[in-house]
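The values are calculated or read from the model by the stated rules, or taken from the named source; none is laboratory data. None of the values given here were measured: they were computed from a predicted structure. Cβ: placed from backbone, ideal geometry, glycine included. Neighbour counts: every protein chain shown. These area figures cover heavy atoms from the full protein model, side chains too; ligands, DNA and RNA do not enter into them. Shrake-Rupley method; radii C 1.70, N 1.55, O 1.52, S 1.80 Å.
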Amino acid sequence: MTCFHLDDFLAGWIGGASSVIVGHPLDTVKTRLQAGKGYKNTLHCIMTIYKKETVTGFFKGLSFPLVSITLYNSMVFGFFSNSRRLINKLRGGEARQSPGMLDLTLASMMTGLVSVGVGAPVDLVKIRLQMQTQPVLAENFTFAGNGSIPLRTVGLQGQPVYRGPVHCISSILQTEGVQGLYRGAGAMVLRDVPGYTLYFIPYTLFSSWLNPNGNSSPHPGSVWLAGGLAGSISWVTATPADVVKSRMQADAMHDRKYKGIVHCIIQSYKTEGLHVFFRGTTVNAIRGFPMSATMFLGYELSLKFLRSL
């Protein structure tokens, strides 16, 4: 019997869509803190965005990740679950038995590496749109497919403005080429390989502790708590690499400051000190909980439903 299951991919798609909606507002705050300027702290950043851009400012760049992150999380959870079973089987175990720590570690690291192929362009476009504090010149723009929403004008100074995700991708391809969509991919590897290891392993351990009887259908509350704790741990530990990735991806061609990962680290340290690499830690800890809790709960419930059909 094959250990490959398509239902893992579909369940990841459903969980991913749920987590994006829950986590995007704080994701915008996190990106502005890490790659932007003029924000004193998390609360000041939130208040500034609200005052200058209203509530819609927190949802900039949502339409693209809402569509693409479903594919991304589908790939992440599908690849992780199937590779974990395959590694377990290759090492002489049964695909259905509980995976060992080595199986989890290898599958997590492989998932982090493979995820960059899809995740780097998704993150780059999302960040470019989130960092765009000037609205488009048109009076209204279409927001996440829900019609035209008027935006308050904020200091238009003639800089290039992305009209949306498609225009953003087109502009990057024209000015930077295909490699432009993968700017910051190296930093993303440094973030996601250990990041996913500290995502799936804590989730598995917490799930086991919260479900000591080994119930095949753990309580949704246990799944939610284990997923949330795993998400907070993963995002907090990944913050330094995430700062470098965000800065490199927000670094547009027309105003490029960083030549590469090492240059970005050195320049950031010289100009802002060591603390710059921990910007957004609080937001990551807070945001990581509901996002991951929703992700894992959506995944597990969807998987249970799909396998009951």
- Hey, rough spin-label estimate for Ser170 and Leu306, points 7 angstrom out along Cα→Cβ, what's it come to in nanometres? 3.4
- Let me know the shape class of region 193-261, please: from the alpha-carbon gyration tensor, a ≥ b ≥ c as square roots of the eigenvalues, rounded when a/c is under 1.5, otherwise prolate if a/b is greater than b/c, or oblate. prolate
- Query: If R0 is 35 Å, what FRET efficiency do you get for His275 and Val55 from their C-beta distance, rounded to 0.05?
  - Reply: 0.75
- Item | Arg91/Ala285 FRET efficiency (R0 45 Å; Cβ-Cβ; nearest 0.05) | 0.85
- Roughly speaking, to the nearest percent, how much of region 257-309's 1.4 Å accessible area is carbon and sulfur? 68
- Message: Restricted to Cα positions, what overall size does region 237-309 have along the principal axes? Three whole-Å values, descending.
- Response: 56, 26, 17
